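Below is one structure, written out as structure tokens; comments come after it.
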Amino acid sequence: MPVLPRAILFDLDDTLIRAYAQPEEAWRRLLHIFSAHLDAHDAAAIERVRLAIMEEARAFWSEAAAAAKWRLDIPGARRLSVRRGLARLGRPDDALADRIADAFTEMRRKEYRLYPDAHATVDALRAAGVKLALVTNGASTMQREKIERFELGHRFDHIQIEGEFGQGKPEPAVYRHALESLGVAAGDAWMVGDNYEWEVVAPQKLGLCGIWYDPFGAGVPAQASAQPARIIKRLAELVE
């Protein structure tokens with residue numbers, strides 16, 4: 001086993017569980033179900049709808065203040081993005097938009113999956129004496145349901161959820177509180193996750209070691225303002 005830190009902070013969504021990864025493929029599948037309602041009868045028409053929705057979603061989430069508010073209501077945010085996407089295509093229909101958004105939310109919920117090496121990796125770290133925190137953005141009810149569903153709660157010394165703590169990543173107070181709860185200094189801890197800003201840039205500013213989880217091989221973003229201390233494609237690499 002490699003040299004390990006005193007503590008590791010883990011992200012939840014798309015780090016320990018696959019939750020929202022590869023949205024393009026998921027939207028294509030979902031929109032095919034609604035093709036008749038959308039009058040989108042071929043792949044090109046479906047793609048136009050998908051692009052409109054995802055471009056509106058990107059614009060929506062790029063505004064920091066709005067993102068901080070709506071992270072606590074992902075289904076509601078998704079409804080707004082789909083409404084705006086349909087309006088952008090010249091066919092506003094809030095009722096249909098909400099049906100599509102809610103169907104996508106339910107489809108994604110059913111498809112949540114634990115990454116195959118998540119339990120084994122976390123258990124190996126615990127056995128090695130590493131203190132562990134789960135630090136996740138989002139609403140309390142939704143995140144607690146995932147934590148229980150995938151039997152994660154007892155595996156962590158500290159669980160910190162945005163909707164309970166009152167702030168989310170990348171706010172400095174989030175990382176500082178998790179470190180204080182574990183009783184370790186920033187220089188003795190790693191942050192592991194898939195979001196480049198939240199798990200690499202922000203924590204490294206505080207002195208943590210940012211380890212970027214990149215299971216799909218996306219590569220470091222072109223405009224990245226910091227380099228990760230390490231890139232992993234499998235969680236098990238942490239203990240190999």
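A short reminder: the numbers here are calculations on the coordinates, not readings from a lab. Please read these numbers as outputs of a predicted model, since none were measured by experiment. Counting neighbours? That spans all protein chains shown, and the Cβs are built from the backbone with ideal geometry, glycine included.
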> What residues have an amide H closer than 5 Å to that of M191, excluding those fewer than 5 places away on the same chain, when H is modeled at 1.01 Å from N in the peptide plane?
Replying inline: L9, C209, G210, I211
>> For the chain, what does the helix formula give at 222 nm: sum of -39500 (n - 2.57) over DSSP H segments with n ≥ 4, over the residue count, nearest 500 deg cm²/dmol?
In response: -14000 deg cm²/dmol
> For A26, what is the net charge nearby, where nearby means another residue's Cβ is under 9 Å from its Cβ and Lys, Arg count +1, Asp, Glu -1?
Replying inline: 0
> When we measure straight from the Cα of K69, which lysines land under 29 angstrom away, once same-chain ones fewer than 8 places off are left out?
Replying inline: K110, K146, K169, K205
>> Looking at the calculated P(r) for the chain, what percent of the C-alpha pair distances fall above 29 Å?
In response: 32 percent
> More than 17 Å apart: what percent of Cα pairs in the range 131-191 qualify?
Replying inline: 37 percent
>> Within a 10 angstrom radius of the beta carbon, how do S225, S81 rank from fewest other beta carbons to most?
In response: S225, S81
> Under 5 Å between amide H atoms, partner at least 5 residues away or on a different chain: which partners does I159 have, H built in plane at 1.01 Å?
Replying inline: L134
> By how many degrees, between 0 and 90 and to the nearest 10, does the Cα long axis of helix 23-33 differ from the longest principal axis of the chain?
Replying inline: 30 degrees
>> Residue by residue through the range 88-103, what is 3J(HN,Hα) from phi via Karplus (6.51 cos²θ - 1.76 cosθ + 1.60, θ = phi - 60°)? Round to whole Hz and write x for glycine and proline.
In response: 4, 7, x, 9, x, 7, 5, 5, 5, 4, 5, 4, 5, 4, 5, 5
>> Order these by the 10 Å Cβ neighbour count, fewest first: F156, F216, F60.
In response: F216, F60, F156
>> Give me a comma-separated list of calculated 3J(HN,Hα) values for the range 113-127, in order, Karplus coefficients 6.51, -1.76, 1.60 applied at θ = phi - 60°, integers in Hz, x for any Gly or Pro.
In response: 9, 6, 4, x, 9, 5, 4, 4, 5, 4, 5, 5, 5, 4, 4
> Which whole-number percentage describes the relative contact order of the chain, with Cα contacts under 8 Å and a sequence gap of 6 or more?
Replying inline: 24 percent
> In the chain, what percentage of the DSSP-assigned beta bridges are antiparallel, given to the nearest 5?
Replying inline: 10 percent
> For the range 128-135, in order, what is each residue's ³J(HN,Hα) by Karplus, 6.51 cos²θ - 1.76 cosθ + 1.60 with θ = phi - 60°, in whole Hz (x at glycine and Pro)?
Replying inline: 7, x, 7, 6, 10, 10, 9, 10
> Out of W198, F10, I211, whose Cα points farthest toward the positive end of the dipole of the chain (charges: +1 Lys, Arg; -1 Asp, Glu; placed on Cβ)?
Replying inline: W198
> Listing K205, K233, K131 from the residue with the fewest other Cβ atoms within 10 Å to the one with the most, what is the order?
Replying inline: K233, K205, K131
> Residues with beta-carbon under 14 Å from that of A36, excluding A36: net charge, scoring Lys, Arg +1 and Asp, Glu -1?
Replying inline: -1
> In whole angstrom, how far apart do the alpha carbon centroids of the range 23-71 and the range 147-221 sit?
Replying inline: 28 Å
> How big is the range 23-111 by the Kirkwood estimate over distinct Cα pairs, in Å?
Replying inline: 13.0 Å
